[in-house]
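Starting off with a structure, shown below.
The values are calculated or read from the model by the stated rules, or taken from the named source; none is laboratory data. A quick note: this is a predicted structure, and the numbers were derived from the prediction, not measured. Counting neighbours? That spans all protein chains shown, and the Cβs are built from the backbone with ideal geometry, glycine included.
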Amino acid sequence: NVFGFDIETEAIENARHNSEINKCSKIRFELGDIGIVPSGDYDVILANINRSVLVEIVSDLHRQLISGGLMVLSGLLWEEKEPILRALPRGYSFMEEQRLEEWVSLVLKK
C-alpha cells in the first residue's frame, strides 16, 4: 500500500491522475501536512519538498522509516544538498544522487 499527501489540492489531483494513468490502484492520497500520515513503518519515503520544510519534519520521517529503508529527497536546490545532509539524523548511507541543472535528488538508506 502507498500513502501520498500534500498541502496543495492541485498536487493531490495530479498525483491521483498519474496513478490512474499508470494503473496504480492501491494508493491513498490525502490533503494535509505530515500530521495526517498514518503511524507505521515505511519501507520507502519520498519527500519532494523544499529544504525548510524538510528540515522541520526530518525527525518524523526518520522515526517512520524502517531500518534498511530508503529515503528519496527531491525538489532540492543543488546548494542545499550539504545543509540537508547535515540535518539528517545519524545512520544514513548515501546511495545515489541525480542532478538536473540547479536541482538535485538524493537517495539515502537508513
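Can you name the residue in the range 1-44 that is touching a Lys or Arg at 6+ places or on another chain (Cβ under 9 Å) and of a type in the set (A, V, I, L, M) and, of all such residues, is farthest from Val104 (Cα to Cα)?
The residue in question is Ile27.
For Ser59, which of the numbered conditions (1) within 14 Å of the chain's Cα centre (by Cα); (2) surrounded by 15 or more Cβ atoms within 10 Å (Cβ to Cβ) fails to hold?
Status for Ser59: all satisfied but (2).
Within the bounds of the range 41-58, is there any residue that is charged (D, E, K, R), part of a helix (DSSP H, G or I) and at negative phi?
yes
Still on this structure: For the list (1) modelled with pLDDT of 90 or more; (2) hydrophobic (A, V, I, L, M, F, W, C); (3) closer than 20 Å to Val2 by Cα, I need the number of the one condition that Phe94 fails.
(3)
Residue by residue, here is whether (1) under 14 Å from the mean Cα position of the chain (by Cα); (2) modelled with pLDDT of 95 or more holds:
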{"position": "His17", "(1), (2)": "no, yes"}
{"position": "Gly32", "(1), (2)": "no, no"}
{"position": "Ala47", "(1), (2)": "yes, no"}
{"position": "Arg51", "(1), (2)": "yes, no"}
{"position": "Val55", "(1), (2)": "yes, no"}
{"position": "Glu82", "(1), (2)": "no, no"}
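Quick one: would you say Ser74 is of a type outside the set (Asp, Glu) and either within 15 Å of the chain's Cα centre (by Cα) or part of a strand (DSSP E or B) (or both)?
yes
Considering only residues that are free of Cβ contacts under 8 Å to residues at least 40 places away in the same chain and basic (Lys, Arg), which ones fall in the range 94-110?
Arg99
Name the residue, out of Arg51, Arg90, Arg86, that is under 27 Å from Glu10 (Cβ atoms) and among the charged types (D, E, K, R).
Answer to the selection: Arg51.
Checking Gly91 against (1) surrounded by 14 or more Cβ atoms within 10 Å (Cβ to Cβ); (2) part of a loop (DSSP other than H, G, I, E, B): exactly one of these is not met. Which one?
(1)
Could I ask something else about it? Kindly list the number of the only condition in (1) assigned to a loop (DSSP other than H, G, I, E, B); (2) within 25 Å of Trp103 (Cβ to Cβ) that fails for His62.
(1)
Continuing with the same structure: Please determine, by comparing only the residues of the range 3-40 that are aliphatic (A, V, I, L, M) and in a helix (DSSP H, G or I), which one is farthest from Leu61 (Cα to Cα).
Ranking the qualifying residues of the range 3-40, first place goes to Ile21.
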